[in-house]
Amino acid sequence: MRLSPDARLGLGMGLGLTGGLTMGTGIGLALRDRHVYRTFVPAPNNAVYVAAVTATNTGSGMIGAGLGLGASALTAGLGARDRALWSEVAVGGTLAIAGVAWYVTEWQRVQKMLYDGGKDDVALDLRPMPREAAAAAFIGAGVGLAFGAGVALLTRYLVARRLVRPGRGSLAGAPLGVGLVARF
C-alpha cells in the first residue's frame, strides 16, 4: 500500500523527530560525566565512577536508537515498499541480538574491573569499557531500526484498512417504514 506524499512526509517527520530527540538526549547523557569517566577510580569508593559508566552506556544506547529511528524515518519518508520495512525489522532485530551478546561479554569484564580492579593482584584493563559502550550503541541501533520500521508498517496497515473499508450509511425502505443502515 502506497501512502500519499503528505502521509509519508508526516510519518518520516514523526519518526525522524523522535530519533533526533532520542539521539540528543543520548549525547547529553554520554557527555555529562566525561570528566569522571576519563580517570578510573578503583573499588570500594567508586560509586560516582560506576554512575558515570552507566550514564555513558545508556547515552550510547540512546544515540544508537536515534540513528536507527532516523534510518527507518528516511525509508518510510521516501515511500519504500513494505518489503524494505520488513527487512529493516529483521536487520534491526539481528543487530539488537548481536549487540546483546556482545554487551554481555563486555559487561562481565567491566564489572570484574570495577569491583576487583583496586586489589593488588588484579591488573587494570580499561579496554572493555569503550567496547561496552559500543555494544550498547549496537543494541540501541537495532531496537531503534526495528521499532521505527514496525511503526511505519503498522501505520501503513491502519491507513490501508481505513481506506479499504470506509463507513457507509444509507437509507433503506422496509414494509413498516424507513430505517438507517450503516456499515463500519
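Give the shape of region 1-125 as rounded, prolate or oblate, defined through the alpha-carbon gyration tensor: a ≥ b ≥ c are the square roots of its eigenvalues, a/c under 1.5 means rounded, and otherwise the shape is prolate if a/b is larger than b/c and oblate if not. Verdict is oblate for region 1-125.
Subtracting the Cα-Cα distance of residue 82 and residue 134 from their residue separation scaled by 0.36 nm leaves 15.7 nm. Going by a ≥ b ≥ c, the root eigenvalues of the Cα gyration tensor, does region 54-153 fall in the rounded group (a/c under 1.5), the prolate group (a/b larger than b/c) or the oblate group? It is prolate, given that a/c is not under 1.5 and a/b is the larger ratio.
Only protein atoms count toward the accessible area here, which uses a 1.4 Å probe; on region 54-100, the carbon and sulfur part of that area reaches 74 percent.
Taking all protein chains together and a 1.4 Å probe, the residues 86, 107 rank 86, 107 from largest to smallest accessible area.
If you take the square roots of the eigenvalues of the alpha-carbon gyration tensor of region 47-100 and sort them as a ≥ b ≥ c, do you get rounded (a/c under 1.5), prolate (a/b over b/c) or oblate?
Cα axes put region 47-100 in the oblate bin.
The values are calculated or read from the model by the stated rules, or taken from the named source; none is laboratory data. Computed from a prediction, not measured in an experiment: that's the story for all the values here. Accessible surface is based on the protein model in full, side chains and every heavy atom, while ligands, DNA and RNA are left aside. Shrake-Rupley method; radii C 1.70, N 1.55, O 1.52, S 1.80 Å.
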